[in-house]
Amino acid sequence: MLVLGSAGWVAGQTASPPPVLPVEQRTPEPAVTWSAEVDTSSRYLWHGLPYSEGAVVWPSAWVSSKGFTIGLWANVDPNYRPTFNEYDLSVGYERAIGKLTITATFSRYTYREISGDPGSTSEAILRAAYSIGPGEVFATNAFDVENYAGAYYVDVGYAVERELTPQSLLKVDATVAFWTTFAEKYHVPSDGPLGPAVLNVALVQRLTPALGVRPHVTFTRLLDRVARRQVGTPGVTYGAAVVIGY
């Protein structure tokens, strides 16, 4: 989720550090932060698998305080019935210990179907990230604890954020996934442990302190040869988000 005022490392820094402001001149950290956005994508992909035939719209919102975050995300697919066919509620906690950041999240995925078993389920997600160089190396572990209990999906990767201008932030991350039990539980044809390799590129452009846009493009390739031949995952997806928040 995007925080408009966030930034990674700053391009073109001078050798001298910025002056330290007196305590009375520093801007206090807000007790509560929030954001809402409307995102679009040319295709809905989750864990490398296509969940739509065409473009989708993703409204979402979150609120955060003292390390805790509550978020709501929804999928709107004009080519599906019902059009509003999924909403996900998540609750998470994040803590930084030096260069290490640990995030624990519980996500409930609710699917809306006209008939039949929707297959709604839940995941417990643990993410560990460690700052190295200009970015961070991270691993995200997702365990299904409900309808597909035992499905385990892990991706490892590296993420970088770079401030291009005071109003522009470039975000890039690359991951490789391992999905043996996930593919088994979700009945994905597979011949090995490697799942999708993904490259995400996004540009956050702040228009005002509380309003921004985020065009993005994702490159996906299934490393599993059997899944690649049969699943039909698109190689490139793209979209843009309008974001408000502090």
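The values are calculated or read from the model by the stated rules, or taken from the named source; none is laboratory data. Please read all numbers here as calculations on a predicted model, not as lab measurements. Counting neighbours? That spans all protein chains shown, and the Cβs are built from the backbone with ideal geometry, glycine included.
Does Ala177 satisfy the criteria of being among the small types (Gly, Ala, Ser) and over 30 Å from Arg81 (Cα atoms)?
Values: among the small types (Gly, Ala, Ser): yes; over 30 Å from Arg81 (Cα atoms): yes.
Answer is yes for this residue.
Within segment 217-235, if we keep just the residues that are touching a residue at least 24 places away in the same chain (Cβ under 8 Å) and part of a strand (DSSP E or B), the residue that is surrounded by the most Cβ atoms within 10 Å (Cβ to Cβ) turns out to be Leu222.
Among the residues of segment 32-40, is any farther than 18 Å from Arg206 by Cβ, modelled with pLDDT of 95 or more and surrounded by 15 or more Cβ atoms within 10 Å (Cβ to Cβ)? Yes - at least one qualifying residue is present in segment 32-40.
Within segment 155-203, the set of residues being surrounded by 19 or more Cβ atoms within 10 Å (Cβ to Cβ), of a type in the set (A, V, I, L, M) and not in a loop (DSSP other than H, G, I, E, B) comprises Leu169, Ala177, Ala183, Val198, Ala202. Out of Leu72, Leu45, which single residue is closer than 30 Å to Gln167 by Cα, at pLDDT 95 or above, within 14 Å of the chain's Cα centre (by Cα) and surrounded by fewer than 16 Cβ atoms within 10 Å (Cβ to Cβ)? The conditions single out Leu72.
Among residues of segment 110-139 that are in contact (Cβ under 8 Å) with a residue 24 or more places away in the chain and over 18 Å from Lys99 (Cβ atoms), those with a Cβ under 7 angstrom from a residue that is of a type in the set (Asp, Glu) and part of a loop (DSSP other than H, G, I, E, B), sequence gap 6+ or separate chain, pair up as Thr121/Glu146; Ser122/Glu146. Using the structure shown, decide if Arg95 is at pLDDT 95 or above and either within 30 Å of Ile132 (Cα to Cα) or of a type in the set (Asp, Glu) (or both). The answer is yes for Arg95. Would you say Pro118 is more than 20 Å from the chain's Cα centre (by Cα), over 19 Å from Gly239 (Cβ atoms) and surrounded by 14 or more Cβ atoms within 10 Å (Cβ to Cβ)? Here the answer is yes, as Pro118 does meet what is asked.
Residue-wise test of (1) touching a Phe, Trp or Tyr at 6+ places or on another chain (Cβ under 9 Å); (2) acidic (Asp, Glu).
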site	(1), (2)
Pro78	no, no
Tyr87	yes, no
Ser90	yes, no
Tyr93	yes, no
Leu100	yes, no
Ile114	no, no
Asp117	no, yes
Ile125	yes, no
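Collect the residues in segment 193-216 that are touching a helix residue (DSSP H, G or I) at 6+ places or on another chain (Cβ under 8 Å) and without any contact (Cβ under 8 Å) to a residue 40 or more places away in the chain, keeping them in residue-number order. Pro193, the sole residue that qualifies.
Where residues in segment 236-246 are exposed (fewer than 15 other Cβ atoms within 10 Å of the Cβ) and aliphatic (A, V, I, L, M), which of them is farthest from Asp155 (Cα to Cα)? Filtering first and then ranking leaves Val242. Among the residues of segment 149-185, those identified as more than 21 Å from the chain's Cα centre (by Cα) and either closer than 27 Å to Leu100 by Cβ or not acidic (Asp, Glu) (or both) are Ala149, Gly150, Leu164, Thr165, Pro166, Gln167, Thr180, Thr181, Lys185. Can you pull out every residue in segment 34-57 that is touching a Ser or Thr at 6+ places or on another chain (Cβ under 8 Å) and not aliphatic (A, V, I, L, M)? Hits for segment 34-57 are Trp34, Glu37, Asp39, Ser41, Ser42, Arg43, Tyr44, Gly48, Pro50, Gly54.
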